[in-house]
1. Return the total of residues in the range 100-129 being within 14 Å of the chain's Cα centre (by Cα), modelled with pLDDT of 90 or more and of a type in the set (S, T, N, Q).
2. Could you check Val89 against (1) within 15 Å of Ser195 (Cβ to Cβ); (2) within 16 Å of the chain's Cα centre (by Cα) and say which number it fails?
3. Does Asp227 qualify as being farther than 30 Å from Glu112 by Cβ and of a type in the set (D, E, K, R)?
4. Can you tell me which condition Gln160 does not meet? The list is (1) in a loop (DSSP other than H, G, I, E, B); (2) more than 30 Å from Asp81 (Cβ to Cβ), and all the others hold.
5. Would you confirm whether any residue within the range 204-218 is of a type in the set (Asp, Glu) and under 18 Å from the mean Cα position of the chain (by Cα)?
6. I'd like the residue in the range 181-218 that is small (Gly, Ala, Ser) and under 16 Å from Thr123 (Cα atoms) and, out of all such residues, is surrounded by the most Cβ atoms within 10 Å (Cβ to Cβ).
7. Working carefully through the options Thr101, Thr123, Thr159, find the one that is buried (at least 21 other Cβ atoms within 10 Å of the Cβ) and farther than 20 Å from Asp209 by Cα.
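The values are calculated or read from the model by the stated rules, or taken from the named source; none is laboratory data. None of these values were measured; they are calculated from a predicted model. Cβ sites come from the backbone with ideal geometry, for glycine too, and all protein chains shown count toward neighbours.
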Amino acid sequence: MIALRLRSAFNRALSAVGVSTAIGNGIGPGRAPAQPRPQPTKTDIGGWWKERVGRWRSAKFPASRSYRYLARQIMAELPHDQGGRTILVSSLGPLELSNETLLMFSYFMRDELGCSILLVDGTFREGGISARLGHNGAPGFLDLVYGNQRWLGELVRPTQRRGIFTLPVGRAPAYPPLPIQDTNIASLFEEARRSFDYVLLQQTCILEDTRYLLCASSADLILLLIDEGVTPLDELERCKKVFRDYQISNVRLVLSAAS
């Protein structure tokens, strides 16, 4: 069991709670995709990181401690010395919460472990980490999974933090083939793990898009980001049932609570 206290830019406390759990065939009833909130098209992410980290390091009880502890827990269970690892972050809260959490976690994970990190916007929509980093409209994840004759190395973008890179969400074809080939997903992450120690994949709620299941089956660890006191319990239970039904294990909860 993990119990961690984190903080986001929303002045929320976050706790990661869970053990490696097999969670129940067929996807349950989904929900309508949430409308993305406006995101900046360009941002000085280096300045944003510097401001957040400076504030936390000056605090009496720096919130960075929990991010660092989570990074150590992950490295202990998923060492990267034999190859990179994929961690899927599935958010039941707003995309802004997911964006801020991923940015801060990647910063302190890099700081604590000295590892290389690839942030992948796998949301299949606007408003994710791509928008936060100013890469709207850039080729990326969708171009690769729909087989648009691109390769990962030419689409990865550096951030202003050494050792942290990003793969934008990309551009869906105007007339996409009906299914995404699971071999495209598998080969993408296989290539990413050869180049990076940890691949952090961002998605919204597993109920919103059945394509998310193709990614979830390739992940070594899944973190469910929950808005505590806001996310309905029945929605959480439906998510857990989807993972159980598709025999996707090693799922943990990350709770966001108003501080």
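1. 2
2. (1)
3. So Asp227 does not fit the description; no.
4. (2)
5. Quick first cut of the range 204-218, residues of a type in the set (Asp, Glu) only: 208-209.
When the remaining residues are screened for being under 18 Å from the mean Cα position of the chain (by Cα), the result is 208-209.
Yes, because at least one residue in the range 204-218 is of a type in the set (Asp, Glu) and under 18 Å from the mean Cα position of the chain (by Cα).
6. Taking the range 181-218 as the starting set, the residues that turn out to be small (Gly, Ala, Ser) are 186-187, 192, 195, 216-218.
Subset that is under 16 Å from Thr123 (Cα atoms): 216-218.
Values: Ala216: 21, Ser217: 14, Ser218: 19.
Among those residues, the one meeting the criterion is Ala216.
7. On the way: Thr123 fails: farther than 20 Å from Asp209 by Cα; Thr159 fails: buried (at least 21 other Cβ atoms within 10 Å of the Cβ).
Just one listed residue meets the conditions, Thr101.
Okay, residues lined up against (1) farther than 22 Å from Ile222 by Cα; (2) in contact with a Gly (Cβ under 7 Å, 6 or more places away or on another chain); (3) assigned to a helix (DSSP H, G or I):
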| position | (1), (2), (3) |
| --- | --- |
| Asn136 | yes, no, no |
| Pro139 | yes, yes, no |
| Asp143 | yes, yes, yes |
| Phe165 | no, no, no |
| Ile185 | no, no, yes |
| Glu190 | no, no, yes |
